[in-house]
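Note sheet for the following structure.
Derivation of every value follows stated rules applied to the coordinates shown; laboratory data play no part. Everything numeric here is computed off the predicted structure, so don't read it as measured data. As a convention, Cβ positions derive from the backbone with ideal geometry for all residues, glycine included, and neighbour counts pool all protein chains shown.
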Amino acid sequence: MKTRRDFLQKLAAAGLALPVLSTMAKGSAMPILDTTPYDGPMLRVAIMGLGGYGSRVAEAMQDCKKARITGVISGTPSKIKDWQKKYNIPEKNCYNYSNFDAIKDNPDIDAVYVITPNALHREQVIRVAKAGKHAICEKPMALNAAEAQEMVDACKKANVKLLIGYRMHLEPKTLEIIRLRKEGKFGKILFFQGLSGFRIGDPTQWRLNKQLAGGGSMMDIGIYSVNGARYMVGEEPVWVTAQETKTDPVKFKDGVDETIQFQLGFPSGAVASCLSTYAMNNLDSFFLDGEKGFAELKPATGYGPIEGRTSFGELNFPHVTHQTVQMDEMAEMILNGKQPVVPMDGAEGLKDMKIIDAIYQAAKTGKKVPLSR
Ligand code: NAD
């Protein structure tokens, strides 16, 4: 895996570090790789759910300057032991799903990053908030908008922050397109296309279990096109239409969507046409069209490198490990109240859940579903 450390070493070896970094910083609010030493406060994070993505986040956090892993929450004692050894985590900072409320008395932990199956997010985030700790939650933040609202309310009541793992909101090429769009470089925005999909394997995994996933491809991968449509167009949709197709009803049971095509309408008149699927590979691209130009990201949301270009040329920002940048930036958001260019809070996650609810309703009824602003 390419890490921030590898990247910096390569730049340093090529004598390129400073020129490249200062070019990146010019005129944009994007997070940049900062090579200066840091001795400020660290966000001390406990990871909840030591699975595939939790492991990726933990690995990437080894290169963070402002965040570090100080605790774990898991139902599997052997995994806890492995992580303790790998990340030097003391016994007193290890919890399971029954006893983690005791985290409230642990001064070594500022925030808990919930990286478990979707259906568990609501209860786990609410318990984290009740323990007085900040919550970082993976996407989709919940199974529906009602749950998401409960989580937002619980964190507000407990006076803790709630952030959602929208790593693309900090990706340099994505942010450059947003900057150019805000500057009017593409003119009036007319159209967005988002393609999000992959062919899912093992039919027994939780992602294909309605109880744990809350749906199918839309909850897992289609959410990238929902969220992307909003940050690329720069508006909130006012209506949704959607159509569902299913070729394998054995693998994709009732309530688990295999493929959904959906369309969004925006107040300016711009429209989006998107595809969410668990049945096709090679689908990870965004295209934004305006009266004066276009922008394209392909791949748009994978772990990178993200590739992008506009009608004015290629986007040449160096790859940064998304999860390293995310956790350093989240430390700034939690500890210093920093505001990202595109919000990453619970209210942002709730907006996506409202749209996903409407997409499912539109697919089921065949009707155009209005969205309140
Ligand atoms: P995973 O199956 O690899 O890991 C899930 C973990 O949760 C496992 O360690 C498992 O033991 C644990 N778990 C706890 N209770 C469980 C239960 N009742 N049933 C099943 N597992 C249980 O999944 P993952 O890929 O790590 O996904 C976890 C979350 O992270 C999901 O919400 C997913 O959407 C999100 N995710 C986000 C990204 C991203 O790029 N932001 C990428 C992958 C996954």
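Observations on the model:
- For the chain, a Kirkwood radius taken over Cα pairs fed into Stokes-Einstein (20 °C, viscosity 1.002 mPa s) yields D = 100 µm²/s.
- Positive-end ranking of CYS94, ILE356, ILE115 along the dipole of the chain, with charges on Cβ about the Cα centre, is headed by CYS94.
- In region 162-255, the inverse of the mean reciprocal separation of distinct Cα atoms equals 15.7 Å; this is its Kirkwood hydrodynamic radius.
- 3J(HN,Hα) along region 67-76, derived from phi through the Karplus expression 6.51 cos²θ - 1.76 cosθ + 1.60 where θ = phi - 60°, amounts to 9, 8, 7, 10, x, 9, 10, 7, x, 10 Hz, with x in place of Gly and Pro.
- Dipole magnitude of the chain, debye to nearest 20 (Cβ charges: Lys/Arg +1, Asp/Glu -1, about Cα centre): 180
- Overall shape: rounded for region 216-373, with the ratio a/c of the largest to smallest alpha carbon gyration tensor axis below 1.5.
- Pairwise centroid distance, computed over Cα atoms, of region 220-239 with region 53-117, Å: 32
- Under a 5 Å amide H cut-off, with hydrogens placed 1.01 Å from N, LEU43 pairs with ALA67, ARG68 among residues at least 5 apart or on other chains.
- Cut-off under 5 Å, modelled amide H: who pairs with LEU190 long-range: ASP289, GLY290, GLU291
- Spin-label pair ASN282/GLU91, simplified geometry with 7 Å Cα→Cβ offset, distance in nm: 5.5
- Residues with amide H under 5 Å from that of TYR113, placed H, sequence gap 5 or more: ALA46, ILE47, MET48, ILE136
- Mean Kyte hydropathy of 1.0 or more with a Cα span along the axis of at least 24 Å, helices from DSSP in the chain: none
- The chain - share of DSSP beta bridges that are antiparallel (%, nearest 5): 55
- With both labels modelled 7 Å from their Cα along Cα-to-Cβ, the LYS251 to LYS185 distance reads 4.0 nm.
- Modelled spin labels at PHE294 and ASN99, positioned 7 Å past Cα toward Cβ, are 5.8 nm from each other.
- Counted without the sites themselves, the longest stretch of the chain free of chymotrypsin sites (Phe, Trp or Tyr not before Pro) in a DSSP loop having at most 13 other beta carbon atoms within 10 Å is 39-311.
- Prolate/oblate/rounded call for region 286-373, Cα gyration tensor, a/c under 1.5 rounded: oblate
- Here the Karplus relation 6.51 cos²θ - 1.76 cosθ + 1.60, evaluated at θ = phi - 60°, turns the backbone of region 184-192 into coupling constants of x, 4, 8, x, 5, 7, 10, 8, 10 Hz, with x for every Gly and Pro.
- Under the Karplus curve 6.51 cos²θ - 1.76 cosθ + 1.60, θ = phi - 60°, whole-Hz ³J(HN,Hα) for region 212-222, x wherever Gly or Pro sits: 8, 9, x, x, x, 4, 4, 5, 9, 10, x
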